[in-house]
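Trainee: Can you read through this structure? Questions will come right after.
The values are calculated or read from the model by the stated rules, or taken from the named source; none is laboratory data. Please read these numbers as outputs of a predicted model, since none were measured by experiment. FYI the Cβ positions are ideal-geometry reconstructions off the backbone, even for glycines, and counts take in every protein chain you see.
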């Protein structure tokens, strides 16, 4: 029992320590006074979001363009262009760049059908000729009915722009990695407890998998993975696949923790998710639609999953299948996640230029929910482990002979049931201590107990490698041999006789230890187990008579 508490305490301490370190690291980055991008050459950055003109000569803003294709032009005027680049981020937009009317750069990537038309988010750093007077952008949104999307359009040093991307994305990315690592830790704990809490297994896997997918999904808008891997299309595909499958996990977790694992909601939701995945994959490979265009179905499944989660909570509260405190914890966690989303919306409306990703506070809310649920799971794991330890102890006491530590008659009856059910062949060996009544009457029950304990040890040492041994009465024992036949039994009996002789020589008991025995084969196809036991018992008494006739009784 103490070991169980030590293991669980160590695991809980590891989780809290890791999270504390990571959160403190994130806080140091997020609230550091240098979080705002203040490089020593800020004056060399020229914001190009404004001052553009469309094909008709009307003024337009690069960060708020009309629907469909756009061609915009801007004078570079007196901007210092030496060793500078045209830098910007783009989202699902094909871009062609002209300097002084000459095409200089084209970004219109094509990928395998499985990736679809979308590349998601990416950054561009385009060299500018030092004598360029004007720049023209020809923009084509990948999807009809949408606007070209450009962000952070500027003229600056490439290293400075890349540094700002990493610096501004780091707080959000750090939180994503905390969520991801939390999920990995939950999955590891889940594997470590898979066999220790079976039957009432705590669902670390659903919570861990949810955290892993949530961390991968929310890392998309930090831009760090896209820049690091140079494969925005792969990051985008993983992001959408996370959205497809993430809906199942909170429902599975809630069903498990509210003791509703057999709820029909789970197979229904899994069916919807697999249908969504199959349609998305098929339509992508056929070139009819891609993962972005099928995103609506993922959102619908997520909404259905949220409704199912609430329904499971209400059902658990009504049926009182879980403690009220747990439902309060879930409510607090879900409220934290909702408040995080709301905080992001307010932050974006009031402070759109803060160097934080669009889902920064949402991640904090999700992480709060995950920590609360993780602590609940650790508490639940400890409770189940303690209860199972107590149950195993009680079972051991019920099935173990207190004097000899061999299995008792109750355990033997269960073994009989197993033999009948499995139809397993075996050899039944009946054993009986001679002269035990005389030992008890003449030398006391303490000496009789020593006789019994010695016999149990010798029988166990002789037969334990072949099967199992039981004390079924005061002086009666049975060995069930399942790993051998007649030869193995004869060798075990010979070894038993040798051990008896050695015991009598070494300990010189007032009455020498003697054990009579008899054995019989049990073959399910030939007869009943009771018949084999009776035959073994009869042969054991015949052995007693033989020992008596030789003057050994």
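Trainee: Could you pull out every one of the helices (runs of 4 or more DSSP H) wholly within the range 179-282 that has 1 or more residues that are farther than 20 Å from residue 372 by Cα and assigned by TED's automatic domain parsing to the domain that holds residue 314? Lay out the reasoning, then the answer.
Mentor: Details: elements: 204-218, 224-229, 232-246, 248-257.
Correct list: 204-218, 224-229, 232-246.
Trainee: Do we find a residue being within 17 Å of residue 476 (Cβ to Cβ) and either surrounded by 13 or more Cβ atoms within 10 Å (Cβ to Cβ) or at pLDDT 90 or above (or both) anywhere in the range 417-425?
Mentor: First, the residues of the range 417-425 that are within 17 Å of residue 476 (Cβ to Cβ): none.
Checked against the condition, which is being within 17 Å of residue 476 (Cβ to Cβ) and either surrounded by 13 or more Cβ atoms within 10 Å (Cβ to Cβ) or at pLDDT 90 or above (or both), the range 417-425 yields no hits at all.
Trainee: Count, please, the residues in the range 282-307 that happen to be touching a helix residue (DSSP H, G or I) at 6+ places or on another chain (Cβ under 9 Å) and closer than 10 Å to residue 247 by Cα.
Mentor: Initial filter on the range 282-307 (touching a helix residue (DSSP H, G or I) at 6+ places or on another chain (Cβ under 9 Å)): 284-295, 297-302, 304-306.
Filter once more, so that each one left must be closer than 10 Å to residue 247 by Cα: 298-302, 304-306.
Number satisfying all stated conditions: 8.
Trainee: Any idea which of 105, 111, 122 is surrounded by 12 or more Cβ atoms within 10 Å (Cβ to Cβ), assigned to a strand (DSSP E or B), modelled with pLDDT of 85 or more and in contact with a helix residue (DSSP H, G or I) (Cβ under 9 Å, 6 or more places away or on another chain)? Quick ask: steps written out before the conclusion?
Mentor: On the way: 105 fails: in contact with a helix residue (DSSP H, G or I) (Cβ under 9 Å, 6 or more places away or on another chain); 111 fails: assigned to a strand (DSSP E or B).
None of the other options fit; the residue is 122.
Trainee: Tell me which residues, restricted to the range 463-480, are in contact with a strand residue (DSSP E or B) (Cβ under 8 Å, 6 or more places away or on another chain) and either assigned to a helix (DSSP H, G or I) or more than 18 Å from residue 490 (Cα to Cα) (or both).
Mentor: In the first step, residues of the range 463-480 are kept if they are in contact with a strand residue (DSSP E or B) (Cβ under 8 Å, 6 or more places away or on another chain); the result is 463, 466-472, 475-480.
Scanning the range 463-480 gives 463, 470, 471, 472, 475, 476.
Trainee: Confirm whether residue 316 is under 18 Å from residue 203 (Cα atoms), in the same structural domain as residue 212 (by TED's automatic domain parsing), part of a helix (DSSP H, G or I) and at pLDDT below 75.
Mentor: Values: under 18 Å from residue 203 (Cα atoms): yes; in the same structural domain as residue 212 (by TED's automatic domain parsing): yes; part of a helix (DSSP H, G or I): yes; at pLDDT below 75: no.
When the stated conditions are applied, residue 316 does not pass them.
Trainee: On the basis of being part of a helix (DSSP H, G or I) and not assigned by TED's automatic domain parsing to the domain that holds residue 529, does residue 383 make the cut?
Mentor: Working: part of a helix (DSSP H, G or I): yes; not assigned by TED's automatic domain parsing to the domain that holds residue 529: yes.
Yes; evaluated as a whole, the condition is true for this residue.
Trainee: Another question, if that's okay. Could you please let me know if residue 99 is free of Cβ contacts under 8 Å to residues at least 24 places away in the same chain and surrounded by 13 or more Cβ atoms within 10 Å (Cβ to Cβ)? Talk me through it step by step, then tell me what you get.
Mentor: Details: free of Cβ contacts under 8 Å to residues at least 24 places away in the same chain: no; surrounded by 13 or more Cβ atoms within 10 Å (Cβ to Cβ): yes.
Criteria not met by residue 99.
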